[in-house]
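Notes for the one structure printed next.
We did not get these values from a lab; they are worked out from the coordinates using the rules stated. Source: prediction; values computed, not measured. Cβ: placed from backbone, ideal geometry, glycine included. Neighbour counts: every protein chain shown.
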Amino acid sequence: MMRFCAVGFIFLWCCLIARAEEPAWKVSLPGWEYAFPRDHGSHPDFQTEWWYFTGNVTADDGSEFGYQLTFFRQGVIPPSVTIPQSEFVVRDVKFAHFAVSEISRSKFHHFQRLSRGSFGEAGFDDATRLTWIRDWTCELAGDNGFLLKAAEKGVQIELLLEGEKPPVFHGKDGISQKAAGEGRASHYYSLTRLKTKGTIAIEGKTYRVHGLSWFDHEWATNQLTADQVGWDWFSIQLNDGSELMLFQIRTKAGERDAFSSGTFVYPDGSARAIPNTDFTALPTAWWKSEKSGGNYPIEWKLFVPSLDLALTLRARFNEQELDAAPFAYWEGAIGVTGSRGAAQVAGKGYLEMTGYAGRIVGLQAK
């Protein structure tokens, strides 16, 4: 108990230092020149950052799985503030979410870790490791490849991801505007088609798996406004070699914010922006969580008229909610069918829905 009290006191003291000196974090503005592999690493001048991996894989015996491994960095003391040289005083808090969806059994496993990162137990940019919390790690494997490892309570992944397309930049020149006002945006890019192979182990049984993954990397400071209460985010990999990312931000009034947008990636890796006016996302079925009370739309119709694209997507199974304090959100594997022009298409992807079971934390204006 005393250890947790000490951690809480140090964290509060760090926040008070930052507030007392009122330093400014950098915000996401035009002019950023992306460079890789440098920008796969951390950006500590910005307050919030995440490395977000999701994927759909199939085992040799036909069993299907979805997985998520996300590492977060939340800054509490900007680089401009001088702090004592101590293992107990840190500039940021590290946390991570790890989940595996056993699609064949409709069973969901999810875990969370939180760390200050003192004594090297968690951190960023150490040799080949981009980010880690103890034995949950993301290592760089070539310019656009990654090795992911995580294990918790009998659930384990070890996956090698290899980029089949170059990075795709969202928004204008990689600045994804999320609200009105200078800097209410994120630096945001994705690797939308990562060839994936490795192993997943559950309850003592190890599966050799292969499939596709998706990588999102964003860094920002104070993106959202107080009126924006959550978002719906779709990542879709189609069997014609194309990918689609859409997000819609929801307001307190129950409307879609005008800063919602997306990106379509052609089979050759070229991309086009999708503005708010060029897509429709209609929920058609819901599932209510007994744990959080959140009522989530788990089936959607998506339309992008300029691409003559019409898709139906549905959760592979309903119970894929991460009930992770201090907030709960739905994050799970989806199946996709539909058409692009006269051609029928199908695919897989991931759906993230926040703000249905309480306010989101860490991204909104005060």
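Data overview
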| item | result |
| --- | --- |
| Sites matching trypsin sites (Lys or Arg not before Pro) across the stretch 100-160 that sit in DSSP coil, with at most 15 neighbouring C-beta atoms within 10 Å | Arg105, Arg134, Lys153 |
| Candidates per GluC sites (Glu not before Pro) in the stretch 170-276, loop by DSSP, up to 14 other Cβ within 10 Å | Glu182, Glu203, Glu255 |
| Environment charge at Ser292 (Cβ cut-off 12 Å; Lys +1, Arg +1, Asp -1, Glu -1) | -2 |
| The stretch 146-261 - Rg over Rh from alpha carbon coordinates, Kirkwood radius | 1.07 |
| Alpha-carbon centroids, the stretch 137-176 and the stretch 224-259: separation in whole Å | 21 |
| Residue with peak Gaussian network fluctuation, the chain [Cα springs, cutoff 10 Å], from Ala127, Ala185, Ala99 | Ala127 |
| Exposure proxy order (Cβ contacts within 10 Å, fewest to most) of Ser104, Ser260 | Ser104, Ser260 |
| Chymotrypsin sites (Phe, Trp or Tyr not before Pro) within the stretch 37-88, DSSP loop, no more than 14 other Cβ atoms inside 10 Å | Phe88 |
| Hz values of 3J(HN,Hα) by residue in the stretch 190-195 - Karplus curve (6.51, -1.76, 1.60), Gly and Pro given as x | 9, 10, 8, 9, 10, 4 |
| Sum of -39500 (n - 2.57) over DSSP H runs of 4+, divided by residues of the chain (222 nm, nearest 500) | -2000 deg cm²/dmol |
| J(HN,Hα) series, the stretch 245-250, from Karplus relation 6.51 cos²θ - 1.76 cosθ + 1.60, nearest Hz, glycine and proline x | 10, 9, 9, 10, 8, 9 |
| Set of lysines with alpha-carbon distance to Lys153 below 19 Å, sequence-local pairs under 8 removed | Lys107, Lys205 |
| Projected label distance in nm at Ala346 and Ser106, using a 7 Å step from Cα toward the beta-carbon | 2.0 |
| Contour minus Cα-Cα distance for Glu182 and Ala258 (0.36 nm per residue) | 25.8 nm |
| Alpha-carbon centroid distance for the pair the stretch 108-134 / the stretch 275-349, whole angstrom | 30 |
| Per-selection Kirkwood Rh - the chain (Cα, Å, 1 d.p.) | 21.1 |
| Among Ala253, Ala220, Ala150: highest mean-square fluctuation, GNM of the chain, C-alpha pairs under 10 Å | Ala253 |
| Projected-area average for the stretch 209-327 over all orientations - Cα convex hull basis, square nanometres | 9.5 |
| Dipole-positive endmost among Ala342, Leu309, Phe327 within the stretch 300-350 (Cβ charges, Cα centre) | Ala342 |
